[in-house]
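Derivation of every value follows stated rules applied to the coordinates shown; laboratory data play no part. Note that the structure is a prediction, hence the values are computed from the model and not measured. Cβ placement follows ideal geometry from the backbone for every residue including glycine, while neighbour counts extend to all protein chains displayed.
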Amino acid sequence: MVAENFGPVVARRRFAAAPARGGRLLTVTGVRGGVGASTIAANLAWYLANIAHRHSVVLDADLHRGTQALLLSAQAGPGLRNAVEHPDRVDELFVERAATAAGDRLHLLAAEEALSSPLAYAPGAAERLVAMLRRRYNFILADAPFAADGMERELLDLAQHRILVLEPTLACLRDTLRLLQLEPGPGQANRPLLVLNRAGRKGGLSARQVAEALKLAPDIVVPDLPKRLEEAATLGQPAAAAGGPFREAIARLARAAGGVAEDAAPRKGLLARFRR
């Protein structure tokens, strides 16, 4: 509440967005391409939906080359393009029809537009879409590569929590420091969560060296598991479903970003539903 009411004053700029109500928007951004941000986003969404039992939706902001449909074995559709080009058409019924099922509690909003077909993005479309999604889902996981403007930047400003994914390289350290300098959105009371992916890989920096360079320890450290993650991506199955250290890292990220814990034995009955 403090961030929502006094954030614009402190930042000395005006936010048109009203205080967010409903589900939480989490953005997952790779500080550079190829660091595994899409994999982290897909597995976090799977965990929130299947283990924490929260209704979740993945929003793939890359409408031309996004990989969330492949990672979750779901289908992309034309709905997302219509939403970003014609936000006045977006309502709850539109969202229900445009989102494709990737599980009992998990849905996907993604597109596979032709590379020769540029988007006519309408400013404010992300705000309208997220507002509708918040009414239906507990969590919105946006796979949002950084961009100085457009849909990706709007999602970063609207998010309750930003998640930055980096690898143990000098280039990633430089870009992480730059992304940490971005001013927060009106609903962001905490700094971005740092996820060090592929930690311990051969030739990479150690976690201690990363913390010393950033003057900030990574919040979540994901070990280097190339074989398991490549097999999972090929099969279109979340790697976190197999358990092990990767699942543990995703569980820690879910607690840090969403405040949820594993619920391995869900309660049954009407009273248990109200408790959840």
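Largest first and in whole Å, the equivalent-ellipsoid semi-axes of the stretch 66-137 read 19, 17, 9, each the square root of five times a Cα gyration tensor eigenvalue.
Spin-label pair Asp104-Leu216: with each label point 7 Å from Cα along the Cα-Cβ axis, the two points sit 3.8 nm from one another. Most simply put, the stretch 9-158 has about 10% antiparallel DSSP beta bridges, counting only bridges with both residues inside it.
Overall, the anisotropy analysis places the stretch 97-243 in the oblate class: the square-rooted eigenvalues a ≥ b ≥ c of its C-alpha gyration tensor yield a/c not less than 1.5, with a/b not exceeding b/c.
Can you compute the helix-only [θ] at 222 nm over the chain? Use -39500 (n - 2.57) per DSSP H run of at least 4 residues, normalise by all residues, nearest 500 deg cm²/dmol. Helix contribution divided over all residues of the chain: -12000 deg cm²/dmol.
Projected label points at Asp224 and Glu85, each 7 Å from Cα along the beta carbon direction, are separated by 4.3 nanometres.
What translational diffusion coefficient, to the nearest whole µm²/s, does the chain have by Stokes-Einstein, given a Kirkwood radius computed over alpha-carbon pairs, a temperature of 10 °C and 1.306 mPa s viscosity?
In µm²/s, the coefficient is 83.
Taking the square roots of five times each eigenvalue of the Cα gyration tensor of the stretch 38-93, the equivalent ellipsoid has semi-axes of 22, 15, 8 Å, listed largest first.
Note on the chain: antiparallel DSSP beta bridges, both residues inside, total approximately 5 percent of the bridges counted. For Glu92 and Gln209, the difference between the fully extended length at 0.36 nm per residue and the C-alpha to C-alpha distance is 37.4 nm.
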